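What follows is one structure encoded as structure tokens, with my remarks underneath.
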Amino acid sequence: MSHVFRRLSSTIAIKQGPPKAHHHGPLPTTSFPSSYLLTGLHAGVKKNSTALDLALIISTSPHPTSAAASFTRNAFKAPPVLVSNHILTENGGRARAIVINSGCANAVTGRQGMDDAWSMVRETDALLPPVDHKGGKPQNETLVMSTGVIGQNLPISKIVASIRAQKSLEATTLGADFSAWERAAKAFMTTDTFPKLRSRVFTIGGVEYRLAGIDKGAGMIHPDMGPIVTSSQSPTRQLHATLLGCILTDAAVSPRSLQTALQYAVDRSFNSISVDGDMSTNDTVIVLANGAAAPADAQEIDEETDKEGYDVFKKELTEFAIDLAKLVVRDGEGATKFVTVAVKV
């Protein structure tokens, strides 16, 4: 039977889409938010001996770092989704790092999958610089994301060893320039044809801030993500997608307002795109706001105490999320056209 398949496959012409590499190019280091360190590593998750498959993102700001996330509403959530949701709930919307692997989704992996996700969290926590935690240090400060093949266990020993190696000043590849951001973006990729990385500068109240973001996705795209779910809540809709994204800013935003702004942005960006409508279990978009560019005496931007500042931030975040979401559509598997549909009611 295999020889028949080979004969058939040799006669079928696979239509190739237009080149997409032009959607990625160098970005000025000055456009990236302050006090973040990133890297992309080859941990051995992917079979390719040189492919980057593990990304680390760390906030080094001495200010409190707010975190918000929009997670899949799929009833079958993968362990990284469950673990990250738990950490954000326990910490009241605070986290300082993200660890991401590609090549294996760590989905449908049972108890072992949960243990592996927590191992990634603990090892990355150990890389975080000491800061003054007012009100007590959270038990865990790292969020975790995974993407790739479903139903396989992670090579967790390889991942743990790769993270631990970053503790050595001689061996670490963590950095803040464009090459570090690009390495992290490449480590997100599965079937993506180009790394999806964007940045922008904006102003609130005369103070200059920055946004930078990475996302991935080319197939199984039809997102429908929702906010953090507490133990007393349950998902009300079903999600269709495999999409990961993270957005980093050096603005100071309160956790509750960061979460509200993120969900507003996701509903108008990632939740509005579609490639093929297939289902997945790992969709996550995370935002960190570390306050590194805020004046020393400034209060966190909040929708109740600083509505004007919050509205500007929400607008910038939404436009930026739309730009990132469009990159996913442009890289859709087999896609040759980019179509926008405007619905007027």
- [ ] Hey, could you check the stretch 237-259 for residues that are modelled with pLDDT of 95 or more and among the β-branched types (Val, Ile, Thr) and say which is nearest to Asp192 (Cα to Cα)?
- [x] Ile247
Task: Filtered residues of the stretch 65-121 (kept if buried (at least 24 other Cβ atoms within 10 Å of the Cβ), among the β-branched types (Val, Ile, Thr) and modelled with pLDDT under 95) - done: Thr72
- [ ] Evaluate the following for Ile322: is it modelled with pLDDT of 95 or more and surrounded by fewer than 16 Cβ atoms within 10 Å (Cβ to Cβ)?
- [x] yes
- [ ] Quick one: in the stretch 244-268, of everything that is among the polar types (S, T, N, Q) and over 17 Å from Arg210 (Cα atoms), which residue is surrounded by the most Cβ atoms within 10 Å (Cβ to Cβ)?
- [x] Ser257
Task: Identity of the residue in the stretch 325-345, at pLDDT below 85 and of a type in the set (Val, Ile, Thr), that ends up farthest from Val201 (Cα to Cα) - done: Val345
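Take the residues in the stretch 70-97 that are of a type in the set (A, V, I, L, M, F, W, C) and more than 20 Å from Ser119 (Cβ to Cβ); name whichever of them is nearest to the chain's Cα centre (by Cα). It would help to see each step written out before you state the result.
Going through the stretch 70-97, the residues of a type in the set (A, V, I, L, M, F, W, C) turn out to be 71, 75-76, 78, 81-83, 87-88, 95, 97.
Okay, now just the ones that are also more than 20 Å from Ser119 (Cβ to Cβ), so 71, 75-76.
Numbers: Phe71: 11, Ala75: 20, Phe76: 19 Å.
Step by step, filter the stretch 70-97, then rank; the result is Phe71.
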Open item on the list: Show the residue pairs meeting these rules: Cβ distance below 7 Å; 6+ apart or different chains; first residue within the stretch 151-166 and assigned to a helix (DSSP H, G or I) and buried (at least 21 other Cβ atoms within 10 Å of the Cβ); second residue of a type in the set (A, V, I, L, M) and modelled with pLDDT under 95.
Closed with: none
TODO: List the number of the failed condition for Val131; all other conditions in (1) more than 21 Å from the chain's Cα centre (by Cα); (2) closer than 19 Å to Asn91 by Cβ; (3) without any contact (Cβ under 8 Å) to a residue 60 or more places away in the chain hold.
DONE: (3)
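Out of Thr173, Thr142, I need the residue that is at pLDDT 95 or above, buried (at least 20 other Cβ atoms within 10 Å of the Cβ) and under 18 Å from Pro129 (Cα atoms). Which one? Lay out the reasoning, then the answer.
On the way: Thr173 fails: buried (at least 20 other Cβ atoms within 10 Å of the Cβ).
Among Thr173, Thr142, only Thr142 is at pLDDT 95 or above, buried (at least 20 other Cβ atoms within 10 Å of the Cβ) and under 18 Å from Pro129 (Cα atoms).
This table checks each residue for (1) farther than 21 Å from Gly44 by Cα; (2) part of a helix (DSSP H, G or I); (3) charged (D, E, K, R).
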residue	(1), (2), (3)
Asn106	no, no, no
Met114	no, yes, no
Ala117	no, yes, no
Val121	no, yes, no
Thr124	no, yes, no
Leu127	no, no, no
Pro130	yes, no, no
His133	yes, no, no
Val144	no, no, no
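Just checking, which of Asp267, Asp306, Asp250 is out of contact with any helix residue (DSSP H, G or I) (no Cβ under 8 Å at 6 or more places or on another chain) and closer than 13 Å to Ser70 by Cα?
On the way: Asp306 fails: closer than 13 Å to Ser70 by Cα; Asp250 fails: closer than 13 Å to Ser70 by Cα.
After applying the criteria, what remains is Asp267.
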- [ ] Being among the hydrophobic types (A, V, I, L, M, F, W, C) and modelled with pLDDT of 95 or more is the filter here, so list the residues in the stretch 145-170 that pass it.
- [x] Met145, Leu154, Ile156, Ile159, Val160, Ala161, Ile163, Ala165
TODO: Pick out the one residue from Ser49, Ser31 that is modelled with pLDDT under 85 and either touching a Pro at 6+ places or on another chain (Cβ under 6 Å) or of a type in the set (Ser, Thr, Tyr) (or both).
DONE: Ser49
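Within the stretch 190-207, is even one residue farther than 30 Å from Glu308 by Cα, touching a residue at least 24 places away in the same chain (Cβ under 8 Å), out of contact with any Phe, Trp or Tyr (no Cβ under 8 Å at 6 or more places or on another chain) and not in a loop (DSSP other than H, G, I, E, B)? Let's see the steps before the verdict.
Within the stretch 190-207, the first condition is being farther than 30 Å from Glu308 by Cα, and the residues that meet it are 190-196.
Narrowing the set further to residues that are touching a residue at least 24 places away in the same chain (Cβ under 8 Å) leaves 190-196.
Within this subset, residues satisfying the condition of being out of contact with any Phe, Trp or Tyr (no Cβ under 8 Å at 6 or more places or on another chain) are 190-194.
Those left that are additionally not in a loop (DSSP other than H, G, I, E, B): none.
Checked the stretch 190-207: no residue is farther than 30 Å from Glu308 by Cα, touching a residue at least 24 places away in the same chain (Cβ under 8 Å), out of contact with any Phe, Trp or Tyr (no Cβ under 8 Å at 6 or more places or on another chain) and not in a loop (DSSP other than H, G, I, E, B).
The values are calculated or read from the model by the stated rules, or taken from the named source; none is laboratory data. Note that this is a predicted model, so its numbers are computed, not measured. Cβ atoms come from the backbone with ideal geometry, glycine included; neighbour counts cover every protein chain shown.
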